[in-house]
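Below: the structure, in structure tokens.
The values are calculated or read from the model by the stated rules, or taken from the named source; none is laboratory data. Being a predicted model, the structure only gives us computed values, none of them experimental. Because the Cβ atoms are built from the backbone with ideal geometry, glycine has one as well, and the counts that use them run over all protein chains shown.
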Amino acid sequence: MRCPTLQSNIEISSMEDNVHSIEVYLHPVAAFAIIDSHERRSKDNQTRVIGSLLGTKTPDGVYEISSAYPVPHSESEEEVAIDMKYEQSMYQLYKTINPTDVVLGWYATNSTIKMHSVLIHDYYSKRDPPPVYLTFDCKMRSGRLDIKAYVRCSLGVETKGYIFSPIPIKMAYYDPERAAVNLLRQSISTDTNETPIKTGLERFENVLGSLEDSIDGLLAYVEKVKSGDIPADSKIGRLLMELVSKVPKLDPNQFDKIMNNTTQDLLMIVYLTNLTKTQLELGEQVAHIPSN
């Protein structure tokens with residue numbers, strides 16, 4: 001098997017063997033970027049897309065992937081070639097925006113590990129930290145988006161070989177990402193796959209309703225534990241104690257006053273926003289009236 005582009009860059013890394021200490025967290029923004037790169041590929045002669053994964057790594061082995069970009073490549077049964085200059089240039093541009101992020105590995109939009117994956121992994125192994133390899137089944141053969149993570153491990157004593165060992169991968173969310181994902185989930189059940197963006201007051205109402213449902217669920221769980229219907233879970237008990245300790249002790253009247261003031265402030269913001277929008281629309285209409 002020939003690899004003209006990667007042949008001079010193969011370097012076997014022995015730093016990837018501590019599999020059990022590695023945790024991988026993937027942010028939705030990175031996942032959407034990978035899916036978008038697959039949808040925009042040249043469908044005539046390209047079966048999969050590969051690219052770099054970027055983010056941060058903690059000293060205890062936690063990989064947090066927050067972004068990704070595709071890398072041009074071509075492959076056949078005999079050889080594979082990637083545009084290393086493009087990949088390095090994209091990384092330098094990305095560093096100007098996110099100087100603390102590093103390349104954490106690479107991805108491929110297929111569900112299986114190909115023979116050429118070893119050679120591509122060798123290229124990313126030249127950097128630190130040891131790279132992770134993600135596969136995205138964008139064709140959703142199993143009925144869902146199947147994402148798997150791998151690291152390379154050594155195999156053998158005298159004659160060493162290498163295998164890709166699977167490791168767990170979890171989704172991680174920033175607060176804006178979680179709000180966007182929840183909005184996308186609501187569009188799944190609609191006929192047009194669209195969902196309107198609600199106003200601030202409507203979102204506030206939904207948050208209060210969700211909070212009320214969560215409190216009702218906690219109270220129901222506590223009552224079942226007290227009555228002996230279900231066994232107590234010490235982990236849940238500690239989380240409940242931590243939650244209760246963070247809630248400030250307020251008089252009911254004082255709490256109602258705070259909630260009323262917050263609601264009035266929100267209503268005032270909504271009113272001023274609508275008033276500003278109306279004035280801008282009137283200004284545009286006046287600007288288009290021809291002068292005599």
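Of the residues examined, Asp229 is not one that is free of Cβ contacts under 8 Å to residues at least 12 places away in the same chain and not in a loop (DSSP other than H, G, I, E, B).
Please determine, by comparing only the residues of the range 55-77 that are of a type outside the set (Ser, Thr, Tyr) and within 25 Å of Lys139 (Cβ to Cβ), which one is nearest to the chain's Cα centre (by Cα). The qualifying residue nearest to the chain's Cα centre (by Cα) is Ile65. Given the residues Val222, Val181, which is the only one that is farther than 29 Å from Ile65 by Cβ, outside any loop (DSSP other than H, G, I, E, B) and in contact (Cβ under 8 Å) with a residue 12 or more places away in the chain? Among Val222, Val181, only Val222 is farther than 29 Å from Ile65 by Cβ, outside any loop (DSSP other than H, G, I, E, B) and in contact (Cβ under 8 Å) with a residue 12 or more places away in the chain. Taking the criterion of being within 26 Å of Gly217 (Cβ to Cβ), without any contact (Cβ under 8 Å) to a residue 60 or more places away in the chain and surrounded by 11 or more Cβ atoms within 10 Å (Cβ to Cβ), would at least one residue in the range 260-271 satisfy it? Scanning the range 260-271 turns up at least one residue that is within 26 Å of Gly217 (Cβ to Cβ), without any contact (Cβ under 8 Å) to a residue 60 or more places away in the chain and surrounded by 11 or more Cβ atoms within 10 Å (Cβ to Cβ). Among residues of the range 106-120 that are farther than 14 Å from Glu79 by Cβ, those with a Cβ under 6 angstrom from a residue that is surrounded by fewer than 20 Cβ atoms within 10 Å (Cβ to Cβ) and of a type in the set (Phe, Trp, Tyr), sequence gap 6+ or separate chain, pair up as Ile113/Phe164. Among residues of the range 87-103 that are part of a helix (DSSP H, G or I) and hydrophobic (A, V, I, L, M, F, W, C), those with a Cβ under 8 angstrom from a residue that is surrounded by 11 or more Cβ atoms within 10 Å (Cβ to Cβ) and modelled with pLDDT of 90 or more, sequence gap 6+ or separate chain, pair up as Met90/Ser52; Met90/Tyr69; Met90/Val71.
So which of Lys224, Lys198, Lys160 ends up being modelled with pLDDT under 75, surrounded by 13 or more Cβ atoms within 10 Å (Cβ to Cβ) and either over 21 Å from the mean Cα position of the chain (by Cα) or not assigned by TED's automatic domain parsing to the domain that holds Arg40 (or both)? Walk me through how you get there before you give the answer.
Details: Lys224 fails: modelled with pLDDT under 75; Lys160 fails: surrounded by 13 or more Cβ atoms within 10 Å (Cβ to Cβ).
Of the residues listed, the single one that is modelled with pLDDT under 75, surrounded by 13 or more Cβ atoms within 10 Å (Cβ to Cβ) and either over 21 Å from the mean Cα position of the chain (by Cα) or not assigned by TED's automatic domain parsing to the domain that holds Arg40 (or both) is Lys198.
Residue-wise test of (1) within 19 Å of the chain's Cα centre (by Cα); (2) part of a helix (DSSP H, G or I); (3) surrounded by 14 or more Cβ atoms within 10 Å (Cβ to Cβ).
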position: Ser111; (1), (2), (3): yes, no, yes
position: Pro129; (1), (2), (3): no, no, yes
position: Leu134; (1), (2), (3): yes, no, yes
position: Ser142; (1), (2), (3): no, no, no
position: Ser154; (1), (2), (3): no, no, yes
position: Ser165; (1), (2), (3): no, no, yes
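Within the range 120-177, if we keep just the residues that are out of contact with any strand residue (DSSP E or B) (no Cβ under 8 Å at 6 or more places or on another chain) and polar (S, T, N, Q), the residue that is farthest from Ile65 (Cα to Cα) turns out to be Thr159. Of all residues in the range 10-27, count the ones that are modelled with pLDDT of 90 or more and not in a strand (DSSP E or B). Going through the range 10-27 one residue at a time, the tally reaches 1. Would you mind stating whether Lys57 is surrounded by fewer than 22 Cβ atoms within 10 Å (Cβ to Cβ) and modelled with pLDDT under 90? Judged against the criteria, Lys57 is not a match.
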